[in-house]
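Throughout, read-outs are computed from the coordinates displayed, never taken from laboratory work. Just so you know, these numbers come straight off a predicted model, no measurement behind them. In this analysis, Cβ positions are derived from the backbone assuming ideal geometry, glycine residues included, and neighbour counts consider all displayed protein chains.
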Amino acid sequence: MMRIAHVSDLHVLSPAGVEWRRILFNKRITGHVNLVMRRSRVYRREYLRMVLAQAAARADQVVVTGDITNLSLESEYIAARALLDDVARTAEVTVVPGNHDVYLPAIFRERDFVRHFDPFLQSDLPELARDLEAGRYPCVKLRGPVALIALTSAVPRPPFVSAGVLGREQLAALEAVLAHPEVARRTPVLLIHHPPVDHRPRVVRLRDGLVDATAFGRSVAGLARGLVLYGHIHERERRVLPTPAGGLDVVSASGGALDDPRASVRAGFNLYDIDDDGTIASVQAWMVDESGTAVTRAAIVDRRRS
Ligand SMILES: [Fe+2]
């Protein structure tokens with residue numbers, strides 16, 4: 001059996017300092033930064049440490065579905081890398097970028113995500129990866145009954161637009177990956193930051209969702225089963241992406257540092273058990289309790305019928 005732990009939206013914050021001043025002088029994004037700062041009060045580093053330690057202790061694989069940093073600052077990347085290095089001592093780590101990891105187009109072009117997280121993005125099928133702006137994707141890891149497939153939906157966007165795009169080039173590469181015999185005989189576990197199934201109004205999806213979710217659905221239409229793990233919405237939800245041959249379980253993890261009373265939102269991690277024959281045996285979630293020193297079972301909102 002293989003056990004995968006899923007954490008997301010860590011939003012590792014930079015200590016206030018020189019970088020903040022540089023950004024706050026950039027008037028274009030001052031409002032955006034203020035918004036992020038107000039939201040950031042609910043992120044607790046001690047919760048994040050507990051979530052990562054518990055996830056690492058319970059699973060063989062730890063996957064992180066984006067928004068690892070808060071403003072893609074160098075100091076945030078360094079702090080996040082140290083946290084993930086701790087996880088990597090006992091579990092293998094795989095990461096995908098979120099919109100917050102490509103916050104500033106100038107920084108994005110320097111490919112900070114790749115530079116800092118390269119050890120977590122070593123593909124077993126590098127010949128099928130494409131050289132995309134956020135790095136080389138899809139990143140594939142063949143592990144026992146599972147093929148982990150990391151995708152990037154992160155693209156720099158103007159302030160107040162947090163939508164994501166996979167793009168035709170990456171989707172073509174994904175189709176080639178899924179057709180590879182070593183992938184086809186395993187259960188695919190796809191990692192993506194933005195929600196691949198999203199019933200919000202179109203205007204909201206274009207601003208905050210996965211813009212090419214329909215094209216993604218076509219690319220995975222040949223799959224009979226599998227998991228699609230995502231983040232971004234800061235709530236644990238479970239949905240289904242139906243395919244002609246069956247359907248994929250689509251599950252989000254909440255924010256890894258979030259302080260919130262709701263059992264489907266509070267900082268935690270999801271666990272997925274996959275049997276040796278590739279059957280997805282269980283999907284469950286855990287969250288940090290009020291004391292911040294232990295974890296307890298958490299809720300996943302079941303939207304499989306909506
Ligand atoms: Fe996000």
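According to the Kirkwood relation over distinct C-alpha pairs, the hydrodynamic radius of segment 61-180 is 14.6 Å.
Can you tell me which of 126, 138, 181 moves the most in a GNM of the chain? Springs connect C-alpha atoms under 10 Å apart. Comparing 126, 138, 181 in a Gaussian network model of the chain, the most mobile one is 181.
Taking one quarter of the surface of the C-alpha convex hull of segment 154-306 gives a mean projected area of 10.4 nm².
Only Lys, Arg, Asp and Glu carry charge here, each on its Cβ (+1 for the first two, -1 for the last two); on that basis the chain has a dipole of about 980 debye about its Cα centre.
Segment 60-129 has equivalent-ellipsoid semi-axes of 20, 16, 10 Å, by the square roots of 5 times the alpha carbon gyration tensor eigenvalues, sorted largest first.
The trypsin sites (Lys or Arg not before Pro) of segment 144-188 meeting both criteria, a DSSP state outside H, G, I, E and B (loop) and at most 14 other C-beta atoms within 10 angstrom of the site's C-beta, are 185. Between the residues 128, 116, 140, the greatest Cα displacement towards the positive end of the dipole of segment 101-189, with unit charges on the Cβ of Lys, Arg, Asp and Glu, is found for 140. Structure remark: mean-square fluctuation, Gaussian network model of the chain, C-alpha springs under 10 Å; the largest value among 234, 116, 100 belongs to 116. The convex hull defined by the C-alpha atoms of segment 2-302 has an orientation-averaged projected area of 14.2 nm².
Taking segment 177-221 on its own, what percent of its Cα-Cα pair distances exceed 13 Å? Every Cα pair in segment 177-221 considered, those over 13 Å come to 61 percent.
Test of understanding: in a Gaussian network model of the chain with alpha carbons linked when under 10 Å, which of 290, 175, 127 would top the mean-square fluctuation ranking? In the Gaussian network model the winner is 127.
Annotation: amide H-H contacts under 5 Å for residue 281 (H modelled 1.01 Å from N, sequence separation of 5 or more, or interchain): 273, 274, 275. Legend: ranking of residues 291, 282, 75 from fewest to most surrounding C-beta atoms inside 10 Å; resulting order 291, 282, 75. Amide H to amide H distances under 5 Å link residue 130 with 137, where only residues 5 or more positions off or on other chains count and H is placed in the peptide plane. Among the chymotrypsin sites (Phe, Trp or Tyr not before Pro) found in segment 68-172, those both in a DSSP coil and sparsely packed, with 11 or fewer other Cβ atoms within 10 Å of their Cβ, are 160.
Residue-wise HN-Hα couplings along segment 178-194, as the Karplus relation 6.51 cos²θ - 1.76 cosθ + 1.60 with θ = phi - 60° gives them from phi, are 5, 7, 5, x, 6, 7, 4, 8, 10, 7, x, 10, 8, 10, 8, 6, 7 Hz; Gly and Pro carry x.
When 287, 1 are arranged by Cβ crowding within 10 Å, least crowded first, meaning fewest neighbours, the order is 1, 287. Rounded to the nearest Hz, the phi-derived 3J(HN,Hα) couplings of segment 138-143 under the Karplus curve 6.51 cos²θ - 1.76 cosθ + 1.60 (θ = phi - 60°) are x, 9, 10, 10, 8, 9, where x marks glycine and proline. Listed values for segment 257-274 are Karplus-derived 3J(HN,Hα) couplings in whole Hz (6.51 cos²θ - 1.76 cosθ + 1.60, θ = phi - 60°), namely 10, 6, 9, 7, x, 6, 5, 9, 10, 3, 3, x, 8, 9, 10, 10, 9, 10, and x replaces Gly and Pro.
Restricting the calculation to Cα atoms, segment 153-212 shows an Rg/Rh of 1.07 when the hydrodynamic-style radius is the Kirkwood one.
Close amide H pairs (under 5 Å, H built 1.01 Å from N) link residue 210 with 164, residues at least 5 positions away or on another chain. Toward the positive end of the charge dipole of the chain, with +1 on the Cβ of Lys and Arg and -1 on the Cβ of Asp and Glu, the farthest Cα among 75, 214, 191 is that of 214.
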